[in-house]
Amino acid sequence: MMRISTPSAAIINEGWSIFKKRRTEVMKKNTIILGIISGIVFMLYNIIVFTFVGEKSPIFWSAYIFTSLAFMAQVIAFSILYKKDATIKDVFLGIPLTIISFLYLLIQVVVGLIFFIAPDISLSVTNVVQIVILTAYMIFAVSALMAKDVVKNISDKSKQKVHFVKLLEDDVISLQSRIKEPELQTKLNLLGELIRFSDPMSHPTLSLLEQNISRKVVFLTEKVQSGATNEIHLIIDEIASLMEERNRKCKLLK
């Protein structure tokens, strides 16, 4: 989170809040629109089927029930992808599930129509074929959801790994306006550049070293507030040395 309280930061935070609110509204609107479209298509399907199919045999009802389940699968998939707290990334990662659900609906509709018009097909055969199609869909849908969660978890972990450098850079930047001595300003600027161009990806084995760097930055903040110039010089040198050590180890760990 940003800790600076400048007017520009307030504007950015306000803009981000508005964006998140509008994004939620768009997601909700998309869910409603997709639900309406699914309902209209299902209604047209019912009109066509009940208008042109004469005898309503057990085979007809079997195909009709399985096709209705396929339409329900669309609604469930859309509900998962366009849930209230869904992000753009969630929707993007959910594209495979959308494709799988659409293909399942298409296949089931075609198979159902074949069973409507094809003579001499036993009820057991129609049930087995449609159960196999439904089972295949469920397997692929669950696999798509699992893959989506795995990719999202990897992405979230990557974000956590880069937070250290970003937060450290923000801490150093916030100190630059508090220092008036030109020499210290130059050293702090160099430290900020060193942090900015450091490897953003962390590693579990570097946790103790990074904790030590964070403690040094906290200590530096305290000394800047108290105006201890000599100690500030030493702490900046220590942080720079620790950051260089971290960067060397980052390269070795890749």
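The values are calculated or read from the model by the stated rules, or taken from the named source; none is laboratory data. All values derive from a computational prediction rather than experimental measurement. Every residue, glycine as well, gets a Cβ built from its backbone with ideal geometry; the counts of neighbours run over all protein chains shown.
Observations on the model:
- Residue check, Phe92 outside any loop (DSSP other than H, G, I, E, B), assigned by TED's automatic domain parsing to the domain that holds Leu34 and modelled with pLDDT of 85 or more: no
Rundown of residues vs (1) touching a residue at least 40 places away in the same chain (Cβ under 8 Å); (2) over 21 Å from His163 (Cβ atoms); (3) in the same structural domain as Gln185 (by TED's automatic domain parsing), yes/no style:
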{"position": "Leu208", "(1), (2), (3)": "no, no, yes"}
{"position": "Val217", "(1), (2), (3)": "yes, no, yes"}
{"position": "Gly227", "(1), (2), (3)": "no, yes, yes"}
{"position": "Glu245", "(1), (2), (3)": "no, no, yes"}
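- Restricting attention to the range 175-214, the residues that are over 29 Å from the mean Cα position of the chain (by Cα) and either under 26 Å from Thr229 (Cβ atoms) or modelled with pLDDT under 85 (or both) total 22.
- Matching entry among Ile100, Ile121 (being outside any helix (DSSP H, G or I), at pLDDT below 90 and not aromatic (Phe, Trp, Tyr)): Ile121
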